[in-house]
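Shown next, in structure tokens, is the structure this report addresses.
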There are 2 protein chains.
Amino acid sequence: MRLIQNDSLKQRFSAESHFEEQFSFPVLANTRLVFFPANSTLIHENAASPDLFYLVRGRTKLSHTLANGKTLITGFFTPPCFLGEMELIDPTSPAFAVQAIEDCWCLALTKAPIATQLLNDPVFLRHICIYLTHKDVSNLTQAARNQGFTAAQRLAAFILLTENHGQYHEQHTQVAQYLGISYRHLLYVIADFLRQGYLVKTPTGYRIHDRAALHRLAHDLAD
Amino acid sequence: MRLIQNDSLKQRFSAESHFEEQFSFPVLANTRLVFFPANSTLIHENAASPDLFYLVRGRTKLSHTLANGKTLITGFFTPPCFLGEMELIDPTSPAFAVQAIEDCWCLALTKAPIATQLLNDPVFLRHICIYLTHKDVSNLTQAARNQGFTAAQRLAAFILLTENHGQYHEQHTQVAQYLGISYRHLLYVIADFLRQGYLVKTPTGYRIHDRAALHRLAHDLAD
DNA sequence: TCACCGATATGAGAAATCTCACACTAGGAG
DNA sequence: CTCCTAGTGTGAGATTTCTCATATCGGTGA
């Protein structure tokens with residue numbers, strides 16, 4: 001995390017993402033603009049973050065360490081959205097890890113001095129409710145749609161979601177779990193993507209070579 | 001919907017389900033206890049309910065009419081929980097149909113006189129947030145777990161969830177969609193359940209004949 | 001009455017996906 | 001240096017699930 005001391009950029013991000021409208025009291029003076037490079041961790045698992053983040057640029061993924069120590073990607077966040085609001089509202093709920101897929105900018109508020117104020121701010125709470133409601137609805141429809149699509153279609157959508165500058169390099173074992181398919185089958189599908197020329201293997205991972213084809217495959221899953 | 005004028009029963013349900021703790025102001029005096037018989041509709045699709053319900057007894061299912069006119073089961077509610085809170089908080093969100101699987105009792109509040117008060121009540125909003133957060137987390141883990149289970153396992157869980165007094169009678173076409181499997185395959189699995197003696201066919205539907213076996217099949221999906 | 005439609009039902013072959021078995025590699029721990 | 005583990009990669013056969021074709025049944029509107 002790097003602090004960006006650029007007030008005009010902060011203003012611009014705030015305006016674009018309707019940040020101030022999320023609260024009934026002025027917050028901008030207490031807000032810092034922070035930057036997370038691709039692949040860094042915004043929120044560490046089981047270590048409550050002292051900050052409430054509002055993601056304004058960049059995609060992030062949510063992951064989850066299981067009892068057996070394995071980690072599993074469980075979701076994605078796209079801006080604008082709050083990060084760390086669950087732990088604020090319900091301190092009993094576990095903190096999941098949030099990592100940057102690409103370079104990310106967040107507006108950050110230190111929770112401690114304003115936690116009580118936030119928890120009693122109907123404007124803030126209402127926005128969180130609406131956000132959670134939408135997420136719930138889209139989870140539902142998403143889950144409903146996911147069933148009935150082949151692994152190839154879902155993998156194509158997943159690659160487009162996690163890719164950064166044409167580079168794809170997620171761990172196969174994790175992806176197989178996320179997509180709910182066996183490791184073996186994932187490799188079959190990837191081998192097929194290589195054969196079809198959708199992807200090209202590189203020393204560090206894969207490079208997208210036919211983005212249009214992936215879009216075509218994934219297009220039914222799009223929001 | 002039938003109004004139940006039984007104050008002591010209302011008190012008991014309220015206490016059991018921590019109803020009054022959901023608000024910062026007294027609500028019990030304005031609350032009615034209402035009853036919905038099995039298979040009746042609590043909330044009609046796209047017709048905003050004038051009431052906010054708090055389900056205290058009985059299971060309900062959420063369904064959803066698609067563009068093509070088909071209806072699709074998309075989820076379940078188990079008490080205690082609010083029904084119709086989404087439309088209250090976000091009037092732009094569509095109202096989905098909620099139907100009683102078995103006899104249901106709800107505490108009902110007429111929205112109109114207290115809507116503003118509710119939307120400014122941090123206690124109420126916080127409870128809704130926590131509820132939605134939990135739902136979100138359990139959706140996630142549920143969806144993650146669902147993948148990787150066979151249709152037979154998920155059907156067993158589904159039957160136990162929707163059964164009423166040992167009777168199962170959902171439409172195959174809808175169930176196939178809910179489970180994300182083809183109609184054809186659903187019939188194969190049901191035929192297999194009949195052959196194994198888990199279910200028995202009746203004129204109106206099916207009767208559960210070996211509940212233990214269904215539990216055994218479903219047990220990994222349980223919450 | 002008849003034609004039509006949606007739900008129920010069944011068969012056969014194809015596609016998607018799984019399980020298991022095995023091999024290779026890189027990195028950390030002793 | 002060697003063992004151990006996790007991730008990667010491949011093959012073969014089994015199982016799950018799909019698609020398509022076809023038939024019956026009850027209701028509904030012309």
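Of note:
- Checking B:87, B:45 one by one, the residue that is in the same structural domain as residue B:139 (by TED's automatic domain parsing), closer than 27 Å to residue A:125 by Cβ and either under 20 Å from the mean Cα position of the chain (by Cα) or of a type in the set (S, T, N, Q) (or both) is B:87 and no other.
- Restricting attention to segment B:183-212 and to residues that are charged (D, E, K, R) and away from chain A (no Cβ under 14 Å), the residue that is nearest to DNA strand C (Cβ to nearest atom) turns out to be B:201.
- Residue in segment A:28-42 that is assigned to a helix (DSSP H, G or I) and hydrophobic (A, V, I, L, M, F, W, C) present: yes
Yes or no, residue by residue, for (1) within 27 Å of residue B:38 (Cα to Cα); (2) part of a loop (DSSP other than H, G, I, E, B); (3) within 16 Å of DNA strand C (Cβ to nearest atom):
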residue: B:107; (1), (2), (3): yes, no, no
residue: B:112; (1), (2), (3): no, no, no
residue: B:128; (1), (2), (3): yes, no, no
residue: B:139; (1), (2), (3): yes, no, no
residue: B:174; (1), (2), (3): yes, no, yes
residue: B:178; (1), (2), (3): yes, no, yes
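- Here is the figure for segment A:154-172: residues that are outside any loop (DSSP other than H, G, I, E, B) and either more than 10 Å from DNA strand C (Cβ to nearest atom) or of a type in the set (Ser, Thr, Tyr) (or both) total 11.
- Tally, over segment B:48-67, of residues that are over 12 Å from the mean Cα position of the chain (by Cα) and assigned to a loop (DSSP other than H, G, I, E, B): 5
- Single residue of A:125, A:140 found to be modelled with pLDDT of 90 or more, in the same structural domain as residue A:88 (by TED's automatic domain parsing) and not acidic (Asp, Glu): A:125
- When segment B:68-105 is filtered for residues that are part of a loop (DSSP other than H, G, I, E, B) and surrounded by fewer than 15 Cβ atoms within 10 Å (Cβ to Cβ), the ones remaining, listed by number, are B:68, B:69, B:70, B:78, B:91, B:92, B:94.
- Verdict on residue A:118 being part of a helix (DSSP H, G or I), in the same structural domain as residue A:88 (by TED's automatic domain parsing) and either more than 12 Å from DNA strand C (Cβ to nearest atom) or farther than 14 Å from residue B:147 by Cα (or both): yes
- Just one of the listed residues (A:191, A:212, A:157, A:176) is free of Cβ contacts under 8 Å to residues at least 12 places away in the same chain and more than 13 Å from DNA strand D (Cβ to nearest atom), and it is A:212.
- Residue within segment B:22-41 that is more than 12 Å from residue B:105 (Cα to Cα), crowded, with 18+ Cβ neighbours inside 10 Å and away from chain A (no Cβ under 14 Å) present: yes
- Looking only at residues in segment B:71-89 that are in contact with a Ser or Thr (Cβ under 8 Å, 6 or more places away or on another chain) and at pLDDT below 85, the one that is nearest to the other protein chains (Cβ to nearest Cβ) is B:74.
The values are calculated or read from the model by the stated rules, or taken from the named source; none is laboratory data. Since the structure is predicted, the reported quantities are computational estimates derived from the model, not experimental observations. Virtual Cβ from ideal backbone geometry, glycine too; neighbours counted across all protein chains shown.
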